[in-house]
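Okay, structure first, notes after.
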Amino acid sequence: MSRDLKYTRNIGIMAHIDAGKTTATERILFYTGLTHRMGEVHDGAAVMDWMVQEKERGITITSAAITSYWKLNGQEYKINIIDTPGHVDFTIEVERSLRVLDGAVALFCGVGGVEPQSETVWRQAEKYRIPRIAFVNKLDRVGSDFYRVVSEIKNKLKANPAPMQIPFGSEEKFKGVIDLIKRKAIVWDDDDDTLGLKFEYRDIPQDMIETVEEWRENLVETVCESDDELLEKFFADRDSITVEEFIAAARKATINLKIVPVYCGAAFRNKGIQSLLDGIVSLLPSPIDIGSVKGINPFIKKEEERPADAQQPLAALAFKIATDPYVGKLAYLRVYSGSIRSGDQVLNTRTNKKERIARLYQMHANKQHPKDMIEAGDICAIVGFKDIKTGDTLSDPRRPILLGSMNFPEPVISIVIEPKTQVDIDRLSQALNKLAEEDPSFHVKVDEDTGQTIMNGMGELHLEVLIDRIKREFGVECNQGLPQVNYKEALTIPVIHREVFKKQTGGKGKFAEIEFQIGPADEDITGLQFFDELGSGNLPAEFIKAVEKGFRESMQNGPLASYPLDNLKVILRDGMFHPTDSDTLAFELVAKIGFRKAAQKAGPVLLEPLMSAEVVTPEEYMGDVIADFNKRRGQVEGMETRAGARVIKAQVPLAEQFGYVTTLRTLTSGRATATMEFSHYEEVPPEIAREVLERITGKTLFV
């Protein structure tokens, strides 16, 4: 019998690094009865942080999925949870998880508030229009301030926070939370033996009644503003609004992205998690609330909808690929419509090939629980597909559909890698291919000139973890070079050029002639902008496509040092062909030759990745930190005070940031912390650009 989908929740836990995501998730697993002891991150015993690298570093590296159950008002709810990383180097894990989730819990540190990665994951959730509830964690810590964090959610994230609770006590005297709707204090037993399982409802202390009523009034007003019927009732007789009516209106407002309900607690001290679970099942959407998924039927090129219904044709999205040493390649799926069984033959819409599902699993972090069938609205993993990538759609062969795929960030840093022994060359290649299959933000290429293998990733930690996995999981010892910046190139001025390609070999020759304009693309556009301004019939369509292909491939090798072009605008103005000697290859070649000549005259410049850096430092070290940023060509963008410390925000070239954490520790006696995330590409100053190009090309340049 199919489960009623209105009692299913697919949620993600997202936050800045060290806000307490994994700790909160471990408490959720414990209170829902899925585990019988709480795993702690600092002990390397967290269920969700199962990788060796996660246990050693105390951070989440890969998103882990798990299924638990929670009862509220006598009804059991199924909660599929994905715990995502907080470190910017692993932002791809957040991106692909949010793509398939229906709701999310955004965790904020009560001391740190809205931190850089908090903003990044919030923007990712905005992109996919995911309803969220917030949880302000670590309210037992010195310097924590619930009200400041709520204010930052409003001002920094431009959200509409609606606190459902306020803290009872603060810092080391934090006792529990006050439920604003029920007007009751929830106090947890401080006895370590009870592990937060015991709590009681108490009357609100007299000295807090005024504060509670003020925040309750704000909450009711915020929720009622999104519901006309409730708003009328609010103005007529606000006390006549029942708890059930209020929760229903709050849920509707949350799903419509009009409010962000805010809960609070201290996960490590086992306080606030049960209330958060009540909020998850009460306020976040079910697959039915999200509605039908839309996609394109590739055969008739028309948009189709698939409702969240097990009786409908299959529509599922592969959002993550993982390699398991025992079962092989696992593909994580979100099943939007229909059902999927072991042994079913399904269509991969990308490849247009049918493949059979060998085994079906429900995941428990890195453990697999075999299943015979998974229905719409659920998350699972399959084994058996030979050719499957992140973002592939699996569908019913009789009713194919192609769901929207995902955008992956481009790597900004690279290193050269080679095996220590000749014997390991093939094993290294296999390891790199498997890792690239798993992680779309990790690219591998072989330098054509030197034959060196180059790994490209999102940051030093990202590449460090991948190399560690190559050694441990694949048993390949490697030598590695120093990290290098992934530069790009761009053209700055438009240039018109005419190119003729003529080749006679005795028999049939080659001929192609084109006139084109190349230059920078329009504002905010990356990649190739190609415009065909030829008169009708000047060139056959296949020759025009060949020209476009030639320019697209040419973009991979810029005119300065063969770095890829960030953007390019090409206008094809004229062309001539020979009825016998012209073919698509000739026009592809003429485009490539023309590009090489014209690009030299189009004002090529070198671009470098800029990082948004944020340093939290005690006041006395602020001058030293800013002076160091200035030495690194950084631009300080702002300063603020947070929990007694100074927060410095700056834009700094990635090329100047290698080993920065070590320098910062020295400057501040280990008392400052820093976070960085990729911001954008910007032109390298001429003097620096000359040094970089001379180092790369080995030639002396006169700029």
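The values are calculated or read from the model by the stated rules, or taken from the named source; none is laboratory data. The structure presented is a predicted model; accordingly, all values stated were derived computationally and were not measured. All Cβ positions, glycine included, derive from the backbone under ideal geometry; neighbour counts span all protein chains shown. Surface areas here come from the heavy atoms of the whole protein model, side chains and all, with no ligands, DNA or RNA. Shrake-Rupley method; radii C 1.70, N 1.55, O 1.52, S 1.80 Å.
When you scan the range 484-551 for strands (runs of 3 or more DSSP E) that lie fully inside it, which ones turn up with 1 or more residues that are over 30 Å from Arg695 (Cβ atoms) and over 43 Å from the mean Cα position of the chain (by Cα)?
Numbers: elements: 488-490, 495-503, 510-519, 527-532.
Output list reads 495-503, 510-519.
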Residues of the range 594-648 being farther than 25 Å from Pro520 by Cα and among the basic types (Lys, Arg), which ones? Lys631, Arg632, Arg633, Arg642, Arg646
What are the residue pairs meeting all of these: first residue in the range 417-429, first residue within 9 Å of Thr453 (Cβ to Cβ), second residue among the hydroxyl-bearing types (Ser, Thr, Tyr), Cβ atoms under 6 Å, and 6 or more apart or on different chains? Ile417/Thr453
Taking the range 567-610, which residues are open to solvent by 60 Å² or more (accessible area, probe 1.4 Å) and of a type in the set (Phe, Trp, Tyr)? Phe577
How many residues does the range 279-310 contain that are open to solvent by 10 Å² or more (accessible area, probe 1.4 Å) and not charged (D, E, K, R)? 14
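Condition (residue is within 26 Å of the chain's Cα centre (by Cα) and within 30 Å of Gln529 (Cα to Cα)) applied to the range 596-607: is it met by at least one residue?
So in the range 596-607, the residues within 26 Å of the chain's Cα centre (by Cα) come out as 607.
Add one more test, that the residue is within 30 Å of Gln529 (Cα to Cα), and what stays is 607.
So far as the range 596-607 goes, yes, one or more of its residues are within 26 Å of the chain's Cα centre (by Cα) and within 30 Å of Gln529 (Cα to Cα).
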Just wondering, is there one or more residues in the range 515-523 that are more than 14 Å from Ala598 (Cβ to Cβ), without any contact (Cβ under 8 Å) to a residue 24 or more places away in the chain and either touching an Asp or Glu at 6+ places or on another chain (Cβ under 7 Å) or charged (D, E, K, R) (or both)? yes
Residues that are among the hydrophobic types (A, V, I, L, M, F, W, C) and open to solvent by 60 Å² or more (accessible area, probe 1.4 Å), drawn from the range 457-484: Leu482
Every residue from the range 360-401 that is of a type in the set (A, V, I, L, M, F, W, C), open to solvent by 10 Å² or more (accessible area, probe 1.4 Å) and free of Cβ contacts under 8 Å to residues at least 40 places away in the same chain: Met373
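Which ranges mark the strands (runs of 3 or more DSSP E) fully within the range 258-310 that have 2 or more residues being under 26 Å from Ile247 (Cα atoms) and in contact with a helix residue (DSSP H, G or I) (Cβ under 8 Å, 6 or more places away or on another chain)? First the steps, then the outcome.
Numbers: elements: 260-264, 293-297, 302-306.
The qualifying strands (runs of 3 or more DSSP E) are 260-264.
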Just to be sure I understand the filter: pairs with C-beta atoms under 7 Å, separated by 6 or more residues or on different chains, first member in the range 562-584 and in contact (Cβ under 8 Å) with a residue 24 or more places away in the chain, second member of a type in the set (Lys, Arg) and buried (at least 18 other Cβ atoms within 10 Å of the Cβ). Which pairs pass? Tyr563/Lys488; Pro564/Lys488; Leu565/Lys488; Asp566/Lys488; Asp581/Lys510
Of the listed residues (Phe246, Phe268, Phe299, Phe319), the one being closer than 30 Å to His364 by Cβ, out of contact with any strand residue (DSSP E or B) (no Cβ under 7 Å at 6 or more places or on another chain) and hydrophobic (A, V, I, L, M, F, W, C) is Phe268
Go over the candidates Arg341, Arg334 one by one and state the one that is in contact with a Leu (Cβ under 8 Å, 6 or more places away or on another chain), closer than 30 Å to Lys434 by Cβ and open to solvent by 50 Å² or more (accessible area, probe 1.4 Å). Arg341
Cys478 fails exactly one of (1) over 22 Å from Lys389 (Cα atoms); (2) under 18 Å from the mean Cα position of the chain (by Cα), namely (2)
Would you be able to say whether some residue in the range 493-514 is modelled with pLDDT under 85, of a type in the set (A, V, I, L, M) and either within 26 Å of Asp424 (Cα to Cα) or open to solvent by 80 Å² or more (accessible area, probe 1.4 Å) (or both)? no
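Go through Ala674, Ala627 for me and flag whichever is open to solvent by less than 70 Å² (accessible area, probe 1.4 Å), farther than 17 Å from Tyr563 by Cβ and at pLDDT 90 or above.
Values: Ala674 fails: at pLDDT 90 or above.
Checking each option against the conditions leaves just Ala627.
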From (1) touching a His at 6+ places or on another chain (Cβ under 9 Å); (2) under 24 Å from Asp278 (Cα atoms); (3) open to solvent by 10 Å² or more (accessible area, probe 1.4 Å), pick out the condition that doesn't hold for Val121. (3)
